[in-house]
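Read the structure below first, then the notes.
All of the numbers you see were taken from the coordinates with simple rules; none came from a lab. A quick note: this is a predicted structure, and the numbers were derived from the prediction, not measured. Backbone-built Cβ (ideal geometry, glycine too); neighbour counts: all protein chains shown.
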Amino acid sequence: MEHQQIMVKAVIARGGNSRGVYLLRSQLPADTALRDKIILAIFGSPDIREIDGLGGANVLTSKVAILGPPTRPDADIDYTFGQVSLNEAHVDYSGNCGNISAGVGPVGIHLGLIDKKEPFTSVRMHLTNFNRILRAEIPVTNDEVVIEGDYQIAGVPGTGARIELDFCDSAGAATGKILPTGNAKDTIKIDGIGDLDVSIIDAGNPIVFVKACSIGLKGTEAPDEIKNLPDKLSVLEKIRSVAAQRIGFVDDWRKATEDSPFIPFVVFLSEPQTYVSFTTKQVISADSIDIAARQMLEQNMHEAYAGTAAVCTGTAARIPGTLVNDLVSKSIYTTELIRIGNPSGVFPINTVVKSNGDDIRLIKASFGRTARIIMEGFVYVRRQKLNRYWNS
């Protein structure tokens with residue numbers, strides 16, 4: 001007798017300020033169309049509430065990580081990231097999530113995919129999306145991953161054990177170059193605005209940066225403010241879309257919202273300013289940050305800041321001539337640390353960039369995250385959702 005639902009092993013974990021469903025590659029079919037149907041059914045997508053699945057009805061909680069044994073000799077685990085759309089029957093594998101990456105080591109150790117070593121387990125994650133190696137240092141004691149600690153990250157209540165990540169191998173991963181256009185600054189034409197200066201940088205994930213003041217924003221807006229400014233949302237999406245065409249992700253910028261909705265990100269910036277945290281309501285003083293940045297993610301403002309966005313912002317800050325370098329506090333020249341003011345607080349990242357003419361290299365892009373496994377078990381998927389693809 002054929003059961004109405006199938007069972008898929010799953011782990012739900014918070015990585016940084018995101019939450020994801022971590023799945024085993026061995027539990028999923030090789031057929032990518034069927035695999036994505038299963039993933040969409042697991043999340044309850046497409047549905048903006050994701051009421052019939054594990055998704056959290058938010059871009060920060062509608063993320064999947066597929067884990068498996070390494071397919072590269074210099075890696076400890078394979079990791080494929082997918083952004084699960086709330087509105088479309090689509091899983092986007094074009095980018096990565098630095099926060100979800102923080103959960104790969106702990107989940108991989110827990111599932112026995114990675115050998116444990118105390119007091120720290122070094123994990124080389126093969127990000128299959130870009131065929132790059134991401135590195136993590138996971139604290140381990142008494143044969144288990146440490147979760148308790150005094151490290152705090154913006155957008156997550158409480159504290160936890162620090163996980164150190166280094167994304168230096170993610171430079172140019174999506175386009176082949178840190179400066180995809182060859183320029184630290186470009187001028188693009190935006191309908192209704194005209195010429196606009198931007199910087200397009202590829203590190204972590206590709207981002208198009210724009211000065212907040214050039215599009216009538218302050219740079220310290222909260223997510224609920226932007227949500228109520230449809231004209232600004234439209235402008236930001238046009239900027240992102242034109243940049244997507246400029247770096248070859250789409251052949252017509254008008255198609256970018258549909259054909260390349262996840263990357264590039266668009267970030268608007270300002271010099272350091274004092275503002276109030278969206279989540280904690282604490283005052284973030286101008287002297288506690290080096291730049292104010294607001295990231296858009298699928299036409300919504302990120303409530304904190306993506307790890308990959310921090311990598312890209314920190315990289316851009318070190319490259320003379322970029323908009324980020326123009327606006328960032330000059331105190332960064334005496335330290336590796338850059339403090340990014342975001343809606344939830346401060347994202348600190350250490351970056352080192354070396355350049356010799358046009359040869360720009362990202363030497364270091366390290367930052368701290370916390371992670372915690374929330375649930376392990378089986379998720380039930382309605383067989384009917386898989387139509388004719390499922391073969392028992």
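Quick notes on this structure:
- Estimated inter-spin distance, N350 and D224, nm [label 7 Å along Cα→Cβ]: 3.8 nm
- Over all distinct Cα-Cα pairs of the stretch 150-249, the Kirkwood formula returns a hydrodynamic radius of 15.8 Å.
- In summary, the convex hull built on the alpha carbon positions of the stretch 291-349 has an orientation-averaged projected area of 3.8 nm².
- DSSP-defined antiparallel bridges as percent of all bridges, the stretch 186-366, nearest 5: 80 percent
- From the largest down, the stretch 87-195 spans 60, 34, 31 angstrom on the principal axes of its Cα atoms.
- Neighbours of Q299, meaning other residues whose beta-carbon lies under 9 angstrom from its beta-carbon, give a summed charge of -1 when Lys and Arg score +1 and Asp and Glu score -1.
- Alpha carbon Rg of the stretch 4-155, scaled by the compact-globule rule 2.2 N^0.38 Å: 1.03
- Length released on extending from Q384 to T257, taking residue separation times 0.36 nm less the Cα-Cα span: 42.7 nm
- Label-to-label distance, nm, for residues given as Q27 and D195 (7 Å Cα→Cβ offset): 5.5 nm
- The stretch between S329 and R49, if pulled fully straight at 0.36 nm per residue, gains 96.8 nm over its current Cα-Cα span.
- Simple rule: put +1 on each Lys or Arg Cβ and -1 on each Asp or Glu Cβ in the stretch 186-366, find the dipole, and look at F262, G341, L323; the Cα lying farthest toward the positive end is G341.
- Simple Cβ-charge dipole of the stretch 186-366, Lys/Arg +1 and Asp/Glu -1, about Cα centre, in debye nearest 20: 360 debye
- A viscosity of 1.306 mPa s and a temperature of 10 °C, combined with the Kirkwood radius over Cα pairs in Stokes-Einstein, give a translational diffusion coefficient for the stretch 4-73 of 124 µm²/s.
- Given charges at beta-carbon only (K, R positive; D, E negative), |dipole| of the chain in Debye: 240 debye
- By the equivalent-ellipsoid construction on the alpha carbon gyration tensor, the stretch 257-308 comes out with semi-axes of 25, 12, 8 Å, ordered largest to smallest.
- Whole-angstrom Cα spans of the stretch 331-392 along principal axes, big to small: 60, 32, 21
- Percent of beta bridges antiparallel (DSSP, the stretch 14-117, rounded to nearest 5): 65 percent
- Evaluated at q = 0.10, 0.15, 0.16 Å⁻¹: base-10 log I(q)/I(0), Debye formula over Cα of the stretch 186-366: -0.35, -0.81, -0.93
- In loop segments of the stretch 188-272 as defined by DSSP, the trypsin sites (Lys or Arg not before Pro) with at most 16 further C-beta atoms inside 10 Å of their C-beta are K218.
- In the chain, the DSSP-assigned H stretches of four residues or longer account for a calculated mean residue ellipticity at 222 nm of -5000 deg cm²/dmol, using -39500 (n - 2.57) per stretch and the full residue count as denominator.
- Efficiency of FRET from Cβ geometry, K177 and E376, R₀ 45 Å, rounded to 0.05: 0.65
- Per-pair calculated FRET efficiency, R0 = 35 Å: N142 and K9 via Cβ, rounded to 0.05: 0.90
- Using every pair of distinct Cα positions in the stretch 276-377, the Kirkwood expression returns a hydrodynamic radius of 14.7 angstrom.
- Distant alpha-carbon pairs in the chain (separation over 34 angstrom), percent: 25 percent
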